[in-house]
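Laboratory data are not the source of any read-out in this text; all were calculated from the coordinates shown. Just so we're clear, the structure is a prediction, and the values are computed from it rather than from any experiment. FYI the Cβ positions are ideal-geometry reconstructions off the backbone, even for glycines, and counts take in every protein chain you see.
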Amino acid sequence: MSVPAGPGATALLDAQGCLTEAGMSALLAAPPGRGPEALAAHLAACGRCQDRMLTAGVPGPRTGAPRRSVAPSLGRMLLLVGLILVSMLLFFVSLRRLTVP
């Protein structure tokens, strides 16, 4: 991780050397490509800060845990199995037609 240099840079870093909320908001408030150079350089080298920046403003847990999904209905599962079986049948029929003279 690179450490930003310049006046006031220490106020933008936490104890782990990553950007504080003030540093993150300074980058988010700046137009694209116009953020403070030292902060942008740190962000380019720090995976933790990149994760925090990408999830900034996103509601929900930030643990990266997958959401619990609901199983599809029985009708949808049967339809999917039926379509797979029909596709396999058509494949074998077309394969048979290609191999028999």
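Under 5 Å between amide hydrogens, built in the peptide plane, is the criterion, and for Leu13 it picks out Thr20 among residues at least 5 positions away or on other chains.
Quote the FRET efficiency, to the nearest 0.05, computed for Phe91 versus Val70 with a Förster distance R0 of 22 Å and r equal to the Cβ-Cβ distance. That pair, Phe91 with Val70, gives E of 0.10.
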